[in-house]
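Engineer: Here it is, the structure, as structure tokens.
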Amino acid sequence: MTRIIVRRERQFVDGFRKYKVILDGKRVGALRSGEKKEFETEPGRHSIQMAIDWGRSNTLEFNIGRDQMAFVCNCNCGGWRMCLGLLYATVWASKYLHIEIEG
């Protein structure tokens, strides 16, 4: 088994709500604002995505060996982009959240 670490940045947007962690199409956990969790998986090719209600993140495809891999996620609708909330709720729902490899 290998470890995947997912960290959610602390943001005002969605501050009291959890983001679902979706690994290989299955929900494996959820993160609160500023929280970090570890998940175990088999080495090999995987995909990871974040979700909250209708909002989704990009989907990352990655290969992992026996080492651990870390990801960081946040909401694209933070800061000045909060004024674009209606667009993120409709047209850009698949870009509401963002996840990337940390580091």
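Bear in mind these aren't lab numbers, they're just calculated from the coordinates by the rules spelled out. Since we're looking at a predicted model, the values are computed, not measured. Here Cβ is always computed from backbone atoms with ideal geometry, including for glycine, and neighbour counts include all displayed protein chains.
Engineer: Given Cα pairs under 8 Å that are at least 6 residues apart, what percent is the relative contact order of the chain?
Structural biologist: Across the chain, relative contact order equals 31 percent.
Engineer: Hey, another quick one. Once you put a point 7 Å from the Cα of Ala89 and another 7 Å from the Cα of Glu61, both along the Cβ direction, what distance in nm separates them?
Structural biologist: Computed distance between label sites Ala89 and Glu61 equals 3.4 nm.
Engineer: Once Lys and Arg get +1 and Asp and Glu get -1 on their Cβ, which of Ile99, Gly85, Asn74 lies farthest toward the positive end of the dipole of segment 38-102?
Structural biologist: So the residue we want is Gly85.
Engineer: How big is the charge dipole of segment 2-101 about its Cα centre, in debye rounded to the nearest 20, if each Lys and Arg gets +1 on its Cβ and each Asp and Glu gets -1 on its Cβ?
Structural biologist: With only Lys, Arg, Asp and Glu charged at Cβ, the dipole is about 260 debye.
Engineer: To continue, here is another question. Which far-off residues, 5 or more places away or on another chain, put their amide H under 5 Å from the one on Glu102, with H placed in the peptide plane?
Structural biologist: Residues meeting the amide H criterion: Ala70, Phe71, Val72.
Engineer: Please compute, over every Cα-Cα pair in the chain, the percentage with a separation greater than 19 angstrom.
Structural biologist: In whole percent, the long-distance tail amounts to 39.
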